[in-house]
Amino acid sequence: MKITIEIPDEEIKDAVMNVVAQQYYRDYSSDRHHVDKVVSECVRKVIYEDKERITDRIVSQASRHLRNVAAKKFVEQLNDEP
């Protein structure tokens, strides 16, 4: 005997999100809140200490990506022209 059940993806996503949210709030404690706050402060500190290098890296990657995209579009336009 074989039983097939179809469940929409949206329903599955909602059910999983509800389970995760319930688990998250069930495990909530003041200790975890304190840990989250300390981690957030540490991440902020690291980012601000090294923000020049991080900014340079982001700009470099973005410009490299835009060059690649622009070159591809330029070649496509050249091929499309009669």
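Read-outs: derived from the displayed coordinates by stated rules, not from any lab. Treat the numbers as computed from the prediction; the structure is a model and nothing was measured. Please note: Cβ atoms are built from the backbone with ideal geometry, for glycine as well, and neighbour counts cover all protein chains shown.
Lysines near K73 by alpha-carbon distance under 24 Å, same-chain residues fewer than 8 away left out - which ones? The qualifying lysines are none; the list is empty. Dipole check for the chain: with +1 at the C-beta of Lys and Arg, -1 at the C-beta of Asp and Glu, and the Cα centre as origin, the magnitude is about 400 Debye.
Just how many % of Cα pairs in the chain lie over 14 Å apart, if you round to the nearest whole percent?
Numbers: 2711 of 3321 pairs.
Here the tail beyond 14 Å accounts for 82 percent of pairs.
Summing charges over all other residues whose Cβ lies under 14 Å from the Cβ of D56, with Lys and Arg as +1 and Asp and Glu as -1, gives +2.
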